[in-house]
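Here is the structure we will look at.
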């Protein structure tokens, strides 16, 4: 047994030993009810199976809550999204789970899993879904559309200092729904926090645990003091906001990026980003690279199918604060639970 699989199995076993859940609940979920108020906070790990870095922090938070070393008077749910894929060190088994949060009449593993998770998300007041990037990143970051309640929670919790965002109510992919979007569509707060490069790293575990601890502490205050969330946000540094200005289509299997590109690596307009021998790819704008792709290839150098739809993105700082850009129509949620 390799060390990665052994670590995943050990953490899953710890989770099962700690798990408390009502009859019929999703197997890889833990549910806490402090009995003092109804604010429901939800924390997700391994929605993508190979993004294991949050799992140690999530399990530790459950253990601390169970043992009384931390407390929460409301409802808190913790889930492990795709441990079956994680044991195989795969992102997913059949389909990307973080695209499946909608009604679908299919038998794929991830479709069925989304149906098991949706009842948890249906009652979430705030979802924090922990993810990791495939490649290294120069900084952790939130990524999701702008919503004011998300801004307050994200800033107050301090999980990251940067937020890659876009206009409210815009889907990341037509006809597909991710976990945080599923929660936002219901008028609540849904956030994704990218912790860094995928794998077991101490920093990822610590950031996960610290974010959960802060959320529980803040949730108790916010449940009885509605102004507590905004006060907590104002007490933390403002976030830096970025947005996507270019998505490079993976239009040909031969397209290959030069070696070594990382998330948030700065590039200049006109800079060659392709590898020697690849059809030429140049950055069309100044900015920072996000989600560069290095898929497996055949002997001829062509990317194996199904290849990603994008080769990379370029992000730039927003020219103004999202409030100035997107709240003139009054559509953005205004309280910490995401309700209008």
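The values are calculated or read from the model by the stated rules, or taken from the named source; none is laboratory data. Everything numeric in this text was worked out from a predicted model, so none of it was measured. Neighbour counts run over all protein chains shown; Cβ positions are idealised from the backbone, glycine included.
Some observations on this one:
- Those helices (runs of 4 or more DSSP H) of the range 18-129 in which 3 or more residues are surrounded by 23 or more Cβ atoms within 10 Å (Cβ to Cβ) occupy 55-67, 109-122.
- Take the conditions (1) more than 30 Å from residue 38 (Cα to Cα); (2) outside any loop (DSSP other than H, G, I, E, B); residue 269 misses just one of them, which is (2).
- Test result for residue 312, surrounded by fewer than 19 Cβ atoms within 10 Å (Cβ to Cβ) and either touching a residue at least 60 places away in the same chain (Cβ under 8 Å) or at positive phi (or both): no
- Looking across the range 89-118, the residues that are out of contact with any strand residue (DSSP E or B) (no Cβ under 6 Å at 6 or more places or on another chain) and without any contact (Cβ under 8 Å) to a residue 24 or more places away in the chain come down to 94, 95, 103, 104, 105, 106, 107, 108, 112, 115.
- Subset tally (residues that are part of a strand (DSSP E or B) and touching a strand residue (DSSP E or B) at 6+ places or on another chain (Cβ under 6 Å)) for the range 253-266: 2
- Among the candidates 217, 194, 181, 230, residue that is touching a helix residue (DSSP H, G or I) at 6+ places or on another chain (Cβ under 8 Å), assigned by the TED database to the domain that holds residue 87 and either crowded, with 18+ Cβ neighbours inside 10 Å or in a helix (DSSP H, G or I) (or both): 230
- Residue check, residue 143 in the same structural domain as residue 213 (by the TED database) and closer than 16 Å to residue 181 by Cβ: yes
- Every test in (1) touching a strand residue (DSSP E or B) at 6+ places or on another chain (Cβ under 9 Å); (2) in a loop (DSSP other than H, G, I, E, B) is passed by residue 313 save one, and that test is (2).
- Test: residue in the range 165-172 that is buried (at least 24 other Cβ atoms within 10 Å of the Cβ) and either within 13 Å of the chain's Cα centre (by Cα) or over 25 Å from residue 313 (Cβ atoms) (or both): yes
- When 73, 57 are checked against the criterion of being touching a residue at least 60 places away in the same chain (Cβ under 8 Å) and within 17 Å of the chain's Cα centre (by Cα), 57 stands alone in meeting it.
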